[in-house]
Every structure is written in structure tokens, then in C-alpha cells.
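Asker: Structure in C-alpha cells, see below.
The values are calculated or read from the model by the stated rules, or taken from the named source; none is laboratory data. Please read all numbers here as calculations on a predicted model, not as lab measurements. Note that we place each Cβ from the backbone using ideal geometry, even for glycine, and neighbour counts take in every protein chain shown. Heads up: the accessible areas ignore ligands, DNA and RNA and are worked out on the full protein's heavy atoms, side chains in. Shrake-Rupley method; radii C 1.70, N 1.55, O 1.52, S 1.80 Å.
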Amino acid sequence: MTTAQTGAVAEEPSAPAAPSDQRESDRMRRRLAHRRGGGWWPYLFLAPWFVGLFGLTIYPMLDSLYLSFTRFDLLSAPQWIDVGNYRKMFTDDPVFWDSVHATLLYVVVSVPLKLAFALGVAMLLNRPLKGIGLYRAAFYLPSLLGGAVAVAIVWRQVFGGDGLFNHFLGWFGIKGQDWISSPDTALYTLVLLAVWQFGTPMVIFLAGLKQLPKDVYEAAAIDGAGPVTRFFRITLPLLTPIVFFNVVLQIIDAFKTFTPAFVISNGTGGPLDSTMLYSLYLYKKGFADLQMGYASALAWVLFLVIAGFTAVNFVAGRYWVHYDD
């Protein structure tokens, strides 16, 4: 066979597949694609989540955004007033600024103290002690109780004029006062209550501490590094992702604090609006004064403030949070 004949044979196309074989191949391809994509079953199982997302989150948020531009008292139809609620909020509502001041002071003081206390306890509970599980459960118990009404009532009794705290001070010859009724100290009782509920960040810190490499500490100890040096040079830098996570969560949670302020002040935010946290003021305007349009505007301002603080934390985190890479 000549070279030309060989080339002709090589270039000759293969015979086309039979129609039945082609149809079977297409069916197999569609069946495999259907199995890989899961078909409609995943959407069926996700349907309750989609209903909750759109019915309980997205739609109420959009409706609240609309109401923030209206005058609405829950009894009559909303009346469009454009940005009237926002204008009143920033220019003609001194209680709004009192609530902003009280909330920012509460966040700035309570979050660092709570995280520092949680980290310290987590480091103590990270040691291999006998019965350590019982101690961990006991320290986590206040967070299980959370912002319960009963806890806030007990807290009000503890820091009252005849409360347990004043009896404790009396053992040292110190005359106490009614800490709840004083505008100079009432907010700080809420701060102490927030710090007391340190269990959730403590557990997160404890999980992070258990992941730290032991060989680094052994090398540092051999080099003569003391406990303080090891903490600031090894523990804290390696733990910065956990610290960042706790900072973001605790700031958001602090901005939303409601139950302790409501119970301790009997829903008034007193004395002299010293415990008028933002969420408590929002509640009062919406459900006590029936100014639901104004309360919706307050809610959107709170949402934007929390989003702003979170964004700032993420931007600033690039400069102090150290990841593996």
C-alpha cells in the first residue's frame, strides 16, 4: 500500500453510531447530570429556609424601611412624611442622644472587660486539673441563664440600697448606696451584669487555646521566656483570630442589649436616662408611645451603626489579626 493510500485510510472518518446507541448515550448523560445536580430534591428540603428568609427576614426588613419614612401608630394607615423621622431623630430628640451616649459607653466599657475576663478564665481552665469539666460547666452557667428577666431582677436586688453588695461593703466599714437609683452608677451595674455573663466568649477562647502548638511554648521556656512574655509574644498573637471573632460578636450583642436595662430600670431607662440603652428607647417609642414609624427609623439607624462598626473591625483586623498564612 502506497503512502497516499495510507494517508487516505488514516483520514477516513469513523462510522457514525447507531441511532439507538446515540439515544441511550444521551439518556445516560442526562441521568448522570441529574444525579450530580440533585434534581429538585435539594430545593424541596431548602424550601422552609427560603420561606423563613423571605417571609421572616427580607420582607419585614423592607416593610420596616418603608415605615421608617411614615407616621404610623399601629391603629391607622401609615402616612408618608419622607425623612421627617430621621430629621426629628438627629435635630429634635434629646432622649435619642442620651440613648446613644449610654449605649456607646456601655459597649466601650463592657466589651473589653468581658473579653479580658473571659480570656483570663479560659487560660485558667485550660490546665489539666482534676474535675476541670465541672469547673468549666460552672463558669459557663451564667451565660446559659443569659439575659433572663429573673437574673435581672436578682441583680436589681443585689445592688439595691439594702442589697447584698452593700452588706459586703459593710464588712469593711464602707457605707454603700442605692447603686441602681444613682445616675452615676446605674449603667455600670449593667456593665457588671454583662461581664458576669462571660461564658460564651470563654468557651470560644478555650477552644482556641487548645489548638495552639505546644512545641512553641516548650522552645520559649527553654529560651528563658516567662509566663508574661509567653502570653504577649506567643499566646495573644496566635489567638488574634479568636479575639477578632469574639470582638465582632460581643459588640453586636452589646448594641442589642435590652432585657437587663428594661428590668433594672422598670422600663423607664432611669434614673435620668442613664440606663436608656438604644434598644430600650426603640422599644418605648414603638410599643409604649405607638410611634412605630419612628421606631422603624431608629431600628434602621441601629442596623447601619452595627454594620459600620463591623466593617471597621474587618478593615482594622488586617493590621492586627494574624492568620496561618
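Asker: With θ set to phi - 60°, apply the Karplus curve 6.51 cos²θ - 1.76 cosθ + 1.60 along the range 254-269 and write out the HN-Hα couplings as whole Hz, x wherever there is a Gly or Pro.
Answerer: 5, 5, 9, 4, 9, 4, x, 5, 5, 6, 5, 9, 6, x, 9, x
Asker: Using a probe radius of 1.4 Å on heavy atoms only, what accessible surface per residue do you get for the range 183-325? Whole Å² is fine.
Answerer: Averaged over the residues of the range 183-325, the accessible area is 50 Å².
Asker: Residue by residue through the range 274-285, what is 3J(HN,Hα) from phi via Karplus (6.51 cos²θ - 1.76 cosθ + 1.60, θ = phi - 60°)? Round to whole Hz and write x for glycine and proline.
Answerer: Karplus values, whole Hz, x for Gly and Pro: 6, 10, 7, 5, 4, 5, 5, 5, 4, 4, 4, 5.
Asker: So, R0 is 30 Å and r is the distance between the beta-carbons of I222 and Y323; what FRET efficiency does that work out to, to 0.05?
Answerer: It comes out at approximately 0.65.
Asker: Cross-link list K114/K214; K214/K256; K175/K285; K114/K210: which exceed 30 angstrom alpha carbon to alpha carbon?
Answerer: Too far apart for the 30 Å limit: K214/K256; K175/K285.
Asker: Treating only the Cβ atoms of Lys and Arg (+1) and Asp and Glu (-1) as charged, compute the dipole magnitude of the chain about its Cα centre; round to the nearest 20 debye.
Answerer: 740 debye
Asker: Stretched out fully, how many nm does the piece from T185 to K130 gain, at 0.36 nm a residue minus the Cα gap?
Answerer: The T185-K130 span can extend by a further 15.8 nm.
Asker: Over all distinct alpha-carbon pairs, what is the Kirkwood Rh of the chain in angstrom?
Answerer: When all Cα pairs of the chain are included, the Kirkwood radius is 25.2 Å.
Asker: Hey, got a sec? Which trypsin sites (Lys or Arg not before Pro) in the range 168-237 land in a DSSP loop and have at most 12 other Cβ atoms within 10 Å?
Answerer: Sites meeting the loop and neighbour criteria: K175, K210.
Asker: Give me the Å³ per residue figure for the convex hull around the C-alpha atoms of the range 130-181.
Answerer: Considering the Cα atoms of the range 130-181, their hull volume per residue is 91 Å³.
Asker: Test of understanding: what is the full-extension gain from A316 to F50, defined as 0.36 nm times their sequence separation minus their Cα-Cα distance?
Answerer: 92.4 nm
Asker: Within the range 275-325, list the chymotrypsin sites (Phe, Trp or Tyr not before Pro) lying in a DSSP loop whose Cβ has at most 16 other Cβ atoms in a 10 Å radius.
Answerer: Answer in residue order: Y323.
Asker: Viscosity 1.306 mPa s, temperature 10 °C: give me the Stokes-Einstein translational D for the range 78-156 in µm²/s, with Rh taken as the Kirkwood radius over C-alpha pairs.
Answerer: Approximately 94 µm²/s, per Stokes-Einstein.
Asker: Continuing with this model, one more query. Please report Rg over Rh for the range 217-325, where both radii come from the alpha carbon positions and Rh follows the Kirkwood definition.
Answerer: Answer for the range 217-325: 1.22.
Asker: Under 5 Å between amide hydrogens, which residues at least 5 positions from T70 or on another chain qualify, with H placed 1.01 Å from N in the peptide plane?
Answerer: Here the answer is I81, since their amide H atoms fall under 5 Å of that of T70.
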